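As structure tokens, the structure follows; a few thoughts come after it.
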Amino acid sequence: MDTADGFEAHRRWEQTLNEGRWAMVPWPRKYGGRGANLIEWLIFEEEYFRAGAPGRVNQNGIFLLGPTLMDFGTEEQKARYLPPMASSREVWAQGWSEPNAGSDMAAIRASARKQGGSYIINGQKTWCSRAAFADWLFGIFRTDPDSQRHRGLTFILVPLNAKGITVRPIAQLDGETGFAEVFFDDVEVPLANRLGEENQGWKVAMATAGFERGLMLRSPARFQATAKRLLELYKRHAAEVDDSVRNAVLKAWMDAEAYCLNTYKTASQLIAGGSIGAESSLNKIFWSELDVHMHETALSILDARAEILPTAPEAGDVDGWLGGFLFSMAGPIYAGTNEIQRNVIAERLLGLPRA
Amino acid sequence: MRSFLSKQCDAVYVRKSWETESGRSQQLWAGLAELGALGLQVPETRGGLGMNEVDMVLLLEECGRAALPEPFAETAAVAAPLLASLNDCAEAQSILSAIAQGSAIVTPSHEINPFVSDAHIADFVLLSRGDEIHLLKRDQIEAELQESSDPCRKLFKLRWTPAVGSRVAAGQQGRSLSDDMLNRAALAVAAQQLGVATRLTDMAVAYACEREQFGKAIGSFQAVKHQLANVAVRVEFARPVVARAAFCVATEAAERSVAVSHAKIAACEAATAAAKTALQVHGAIGYTWEVDLQIWMKRAWALDKTWGASRVHQARIAAALLGGEAAPSFGFSV
Ligand SMILES: Cc1cc2nc3c(=O)[nH]c(=O)nc-3n(C[C@H](O)[C@H](O)[C@H](O)COP(=O)(O)OP(=O)(O)OC[C@H]3O[C@@H](n4cnc5c(N)ncnc54)[C@H](O)[C@@H]3O)c2cc1C
């Protein structure tokens, strides 16, 4: 997914999915979906992962921006952006982080100045997943130059081919171009590209973050599929490893089940009209730690072969465990670091005093 | 149940129970009967409510939250449904009505535990040995007290002589009732541990908001916050596992043993993590006899090892997952 060719192959796969209305089943039919409810979406995900189908190249679009557009977009915006998102004719990148605004996202400096019917954007975003090959970026920019922190920010949709944009790819731990820096130099976008109210971007962004940490980004089937592969790996090597490894495998299976059960609980609550708030932080910690645990366990089973790339002649069944391990190590960082999630849980769910 | 227990079974009551000879209150037991809680799983034809495990775990969680000393789980959640399944046993059926009315206490005894709880006040012991199930009256047993670190828990070494008349099931039926006893009791422990974990977390949070050091509440220190957040994660992800196990037992699902073992492990981990963290957050005051924290910490530690320590339940899960058959799984079936 993180090479130009691979990216295009994924885009074609998404088009195929979309032709069968399988790209985003919970969306209304008019946007390319099937009007499925969340439980049905979870079932779709189970089938998707059972089949071992490809990763979703447009996940920033379909899982994060899509639901945000449903909540905050105008009818015109939904009609304009959702169908090409479903087909991945337009692939999206997320532009929140900046060199000096990581965990402290409210320190955002990239600005959008109003001029006539346009915003003029200047500044820099970074760590934007898949921005090297994406078509659009959604981000938050400071529209009120005198504002502080999370006030005065606006959520804006920016075409990455606009004049004044420079995308500089960044290689990730595995050497592939997984993310990019994006520089904005007097980039002009119409006011109509704003999502939600002006200076209310923080609120819109928090809704997106909720989808990211909460339900959408990491569906349980993903982890259940990994747990199942881990179980198979263990069975093949059971004679070579001790009981502590067996217990780690059992823990992986149990936690993947627990994550699934909790997701069904959340989905039922949402269907019954509830909402997810700070609880999504509990979720984010759980899935990211589970993913690390499963991959660490796999590597301990592979033992000295754990460092061998799948391309090596003696690779045997190392499969994608090493690559998965590397990516799992990013889990506690992206979508808000786990330390930040613990702050949120402590302050908003448990009611401990702010620092 | 919560409001009943918060009045009838507060920390003052719990501490008072340590001083009395039986450690139990007839008045409280009568109150549980009146509430319908004791007969929750007793069939309606026997004067109960005829409800199931999915309902029962909610009450059990409250028992854990209140650190109830009474053998509610033993009688109402374990013995009652087992007795109800002994259709041909007239005695078992008549005991059921007495359970619902609050006039019979029944405690289960299983080989997985060396000791039996509440044998001193039990009217009957429902005992599983090998593939036989015996229903013993009080005068058919001798019980020797084994003091527990949790002063609420009354544990006994049991001595009894098998009598022809005491056997109520054998063979295949006996084996399946024995499994059933273990599953129900382990599930009951798991549900109580959720309540114990929640109570410990609440106490730690309340203390962290009130205790000041370095001029501010200790709960504003990140090291304190993050420990408590970790506990909250464990409790959150244990609760649906317990609910699923309850559903599996209620529907006699094929994978119920695995679901129960998972619940037992997850809830005990949440409760023991909560105990450790709550003590650390309290500092020295938490290490005293004086402070009520000990009531729930000791319950967490005691329940963790009863009805099968984690090792036992891991082995049950391993047997199912690695035994060649397809791994049971929620939703994502293999
Ligand atoms: C694989 C990957 C993909 C990403 N994709 C995107 C993307 O598409 N779009 C995007 O905008 N961003 C993306 N990010 C960036 C991600 O959101 C940030 O990395 C994250 O918010 C943390 O910011 P930072 O890296 O600047 O770390 P910092 O904020 O500098 O944090 C460094 C360390 O300090 C800790 N720390 C910081 N503040 C606190 C505090 N208050 N309390 C306790 N500990 C603290 C952090 O937890 C962390 O351990 C991605 C990151 C990764 C790794």
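A few notes on this one:
- Filter result (more than 17 Å from the chain's Cα centre (by Cα) and buried (at least 20 other Cβ atoms within 10 Å of the Cβ)) within region B:103-113: B:Ala104
- A:Ser87 touching a helix residue (DSSP H, G or I) at 6+ places or on another chain (Cβ under 9 Å), among the hydroxyl-bearing types (Ser, Thr, Tyr) and more than 17 Å from A:Ala131 (Cα to Cα): yes
- Within the set B:Ala208, B:Ala223, B:Ala253, the sole residue that is without any contact (Cβ under 8 Å) to a residue 12 or more places away in the chain and over 30 Å from B:Asn52 (Cα atoms) turns out to be B:Ala223.
- Every listed requirement among (1) surrounded by fewer than 16 Cβ atoms within 10 Å (Cβ to Cβ); (2) in a helix (DSSP H, G or I); (3) away from the ligand (no atom under 16 Å from the Cβ); (4) modelled with pLDDT of 95 or more is met by A:Gln269 save one, (4).
- Evaluation of A:Asn58 against the conditions (1) within 12 Å of the ligand (Cβ to nearest atom); (2) surrounded by 19 or more Cβ atoms within 10 Å (Cβ to Cβ) shows that the sole unmet condition is (1).
- Checking each residue in region B:110-162 for being touching a strand residue (DSSP E or B) at 6+ places or on another chain (Cβ under 8 Å) and among the polar types (S, T, N, Q) picks out B:Ser117, B:Ser128, B:Gln140, B:Gln146, B:Ser148.
- So A:Phe286, is it within 13 Å of the ligand (Cβ to nearest atom), surrounded by 14 or more Cβ atoms within 10 Å (Cβ to Cβ), under 22 Å from the mean Cα position of the chain (by Cα) and assigned to a helix (DSSP H, G or I): no
- In summary, A:Gly277 fulfils each of the numbered conditions (1) of a type outside the set (Phe, Trp, Tyr); (2) more than 7 Å from every other protein chain (Cβ to nearest Cβ); (3) open to solvent by 30 Å² or more (accessible area, probe 1.4 Å); (4) without any contact (Cβ under 8 Å) to a residue 60 or more places away in the chain with the single exception of condition (4).
- Members of region A:217-244 that are open to solvent by 20 Å² or more (accessible area, probe 1.4 Å) and either outside the structural domain of A:Asp303 (by TED's automatic domain parsing) or not in a helix (DSSP H, G or I) (or both): A:Val241, A:Asp242
- First in region B:300-315 and over 20 Å from B:Thr198 (Cβ atoms) and not assigned by TED's automatic domain parsing to the domain that holds B:Leu60, second anywhere and at pLDDT 95 or above and hydroxyl-bearing (Ser, Thr, Tyr), Cβ under 7 Å, 6 or more apart: B:His313/B:Ser261
- Here the condition is being surrounded by fewer than 19 Cβ atoms within 10 Å (Cβ to Cβ), on the phi > 0 side of the Ramachandran plot and in contact (Cβ under 8 Å) with a residue 40 or more places away in the chain; of A:Gly52, A:Gly35, it holds for A:Gly52 alone.
- Each residue in region A:95-104 was checked for being more than 7 Å from the ligand (Cβ to nearest atom) and either touching a helix residue (DSSP H, G or I) at 6+ places or on another chain (Cβ under 9 Å) or not assigned by TED's automatic domain parsing to the domain that holds A:Val182 (or both), and 3 pass.
- Against the numbered list (1) modelled with pLDDT of 95 or more; (2) closer than 27 Å to A:Ser275 by Cβ; (3) among the charged types (D, E, K, R), A:Arg12 comes up short only at (2).
- Selection status of A:Gly323, assigned to a helix (DSSP H, G or I) and either surrounded by fewer than 22 Cβ atoms within 10 Å (Cβ to Cβ) or of a type in the set (Lys, Arg) (or both): yes
- Options B:Trp301, B:Trp296; residue that is aromatic (Phe, Trp, Tyr) and open to solvent by less than 20 Å² (accessible area, probe 1.4 Å): B:Trp296
- In summary, strands (runs of 3 or more DSSP E) completely within region B:97-169 and bearing 1 or more residues that are within 19 Å of B:Trp307 (Cα to Cα) occur at B:106-109, B:124-129, B:132-137, B:141-147, B:154-160.
- Enumerated strands (runs of 3 or more DSSP E) restricted to region A:64-162, each holding at least 3 residues that are of a type in the set (Ser, Thr, Tyr) and open to solvent by less than 30 Å² (accessible area, probe 1.4 Å): A:118-129
- B:Phe237 being without any contact (Cβ under 8 Å) to a residue 60 or more places away in the chain, away from the ligand (no atom under 16 Å from the Cβ) and touching a Phe, Trp or Tyr at 6+ places or on another chain (Cβ under 9 Å): yes
- Residue that is farthest from the ligand (Cβ to nearest atom) [pool: residues in region A:309-355 that are at pLDDT 95 or above and among the β-branched types (Val, Ile, Thr)]: A:Ile345
- Against the criterion of being within 10 Å of the ligand (Cβ to nearest atom) and either within 14 Å of chain B (Cβ to nearest Cβ) or aromatic (Phe, Trp, Tyr) (or both), A:Trp127 qualifies.
- Odd one out for B:Ala319, checked against (1) closer than 23 Å to A:Leu230 by Cβ; (2) facing chain A (nearest Cβ under 10 Å); (3) not β-branched (Val, Ile, Thr): (2)
- Across region A:197-213, the number of residues qualifying as buried (at least 22 other Cβ atoms within 10 Å of the Cβ) and away from the ligand (no atom under 16 Å from the Cβ) comes to 0.
- The residue that is nearest to the ligand (Cβ to nearest atom), among those in region A:163-178 that are outside any strand (DSSP E or B) and of a type in the set (A, V, I, L, M), is A:Leu173.
The values are calculated or read from the model by the stated rules, or taken from the named source; none is laboratory data. Since the model is a prediction, treat every value here as computed from it, not as a measurement. We place every Cβ from the backbone using ideal geometry, glycine too, and count neighbours over all the protein chains shown. Surface areas here come from the heavy atoms of the whole protein model, side chains and all, with no ligands, DNA or RNA. Shrake-Rupley method; radii C 1.70, N 1.55, O 1.52, S 1.80 Å.
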